[in-house]
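Report on the structure given below.
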Amino acid sequence: MLLPFGFDVGENDRIKVTFQFTMPNSTGEGASGQVAPIVVDNSEAACIESAVNLMNTFVSKEINLSHCKVIVFSEEFAKQGLSKEIYSLMNKVQVRPDSSIIISTSTAEEYIKSVKPTLENLVAKFYEILPRSSEYTGFTADIKLGEFFNKLESESEEAIAILR
């Protein structure tokens, strides 16, 4: 299952996309109470579709973006402009408009690798709860892909995202 995925400036190509997966056939806690193994991998390409297709050649199952709860952009990547990637993500049927947007001060790959939920065994559940903490703390905003896209297109509002 694909958890979050992130975007960085590529070294050899325009975009580097980092994917985080749970191991196939692992659905959270194992029989011995251990957390499901996590795999982080990436691919570089000219666009999102090419990066996903390239990653599909390496994983045993086709990547399904409909389970993704969080999309991470590195600050460096975001400074170059996000409109092309946001349009691309909004045009993909699999990507849900309620996926949260996070801008990372480090690279997206480092951010994804560094997230270690301590109070939640299911990593997917952690990514679902993380942006919603704004409901009870007030310290963050829960910015969704669809909302970000609408504000990106708006003449009267600015698009904002969580900066972590």
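The values are calculated or read from the model by the stated rules, or taken from the named source; none is laboratory data. Every value quoted in this text rests on a predicted model; they were computed, and no experiment measured them. Note that we place each Cβ from the backbone using ideal geometry, even for glycine, and neighbour counts take in every protein chain shown.
I want to confirm something. Restricting to region 4-59 and keeping residues that are in a strand (DSSP E or B) and polar (S, T, N, Q), which single residue is modelled with the lowest pLDDT?
Taking region 4-59 first, the residues in a strand (DSSP E or B) are 4-9, 15-22, 29, 35, 38-45.
Remaining after also requiring polar (S, T, N, Q): 18, 20, 22, 42-43.
Numbers: Thr18: 94, Gln20: 88, Thr22: 76, Asn42: 92, Ser43: 93.
Residue satisfying both the conditions and the ranking: Thr22.
If only residues of region 76-100 that are of a type in the set (S, T, N, Q) and outside any helix (DSSP H, G or I) are counted, the one that is surrounded by the most Cβ atoms within 10 Å (Cβ to Cβ) is Ser100. Scanning region 77-101 for residues that are within 19 Å of Ser50 (Cα to Cα) and acidic (Asp, Glu) yields one hit, Glu85. Under the condition of being part of a loop (DSSP other than H, G, I, E, B), surrounded by 14 or more Cβ atoms within 10 Å (Cβ to Cβ) and more than 14 Å from the chain's Cα centre (by Cα), the residues counted in region 143-164 number 1.
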